[in-house]
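Laboratory data are not the source of any read-out in this text; all were calculated from the coordinates shown. Everything numeric here is computed off the predicted structure, so don't read it as measured data. Positions of Cβ are backbone-derived with ideal geometry, glycine not excepted, and every protein chain shown enters the neighbour counts.
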Amino acid sequence: MMKTYSRAKRVSDELQRVLSNVIVTDDPYRLGKVVTISKVECSPDLRQAKVFVSVYDKNPKERRKVIRKLRDKSGNIRYELGRRIRLKNTPKLLFFEDDTQAYMEKIERIFQKIKYSNEESGTGE
């Protein structure tokens, strides 16, 4: 059975690929940090795109600084995106920090604590 993908999903995937080149590979905005475009979600009318960015820095202030810089430069990034991808309207870009990695690390620490407490009490396997 073939999967069907919506136009918004296909455009989101293409935006993610192109934004990775614009922001991560070219780095004209001198972010100074390792960043990844982890996800892009387009609205059904393709006028807005939520861009989720993973910033690899332990300092939350530095991560917020990178997101702020991307938000400040969103007009320039949108212009460059419009040059590289053919769409009737280039979507407005809304940047958000992707905290999935931090959430996964937090869950992992909780599991480690549970495992450690079970081993101490003798109920662990």
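Quick notes on this one:
- In order along the stretch 38-51, phi translates into HN-Hα couplings of 7, 6, 10, 10, 8, 5, x, 8, 6, 8, 10, 9, 8, 10 Hz, rounded to whole numbers, per the Karplus curve 6.51 cos²θ - 1.76 cosθ + 1.60 with θ = phi - 60° and x for Gly and Pro.
- Label-point separation in nm, residue 21 to residue 84, each point 7 Å along Cα→Cβ: 0.6
- The chain - charge dipole about Cα centre, Lys and Arg +1 at Cβ, Asp and Glu -1, debye rounded to 20: 860
- Taking label points 7 Å from Cα along the Cα-to-Cβ direction, residue 101 and residue 58 give a separation of 1.4 nm.
- Separation in nanometres of the label points that stand 7 Å from Cα toward Cβ, at residue 92 and residue 68: 2.2
- Across all directions, the shadow cast by the convex hull of the chain built on its C-alpha atoms averages 11.6 square nanometres.
- Long-range HN-HN contacts of residue 98 with modeled amide H, under 5 Å: 53, 54, 55
- For residue 111, net neighbour charge (Lys/Arg +1, Asp/Glu -1) across residues whose Cβ lies under 13 Å away: +1
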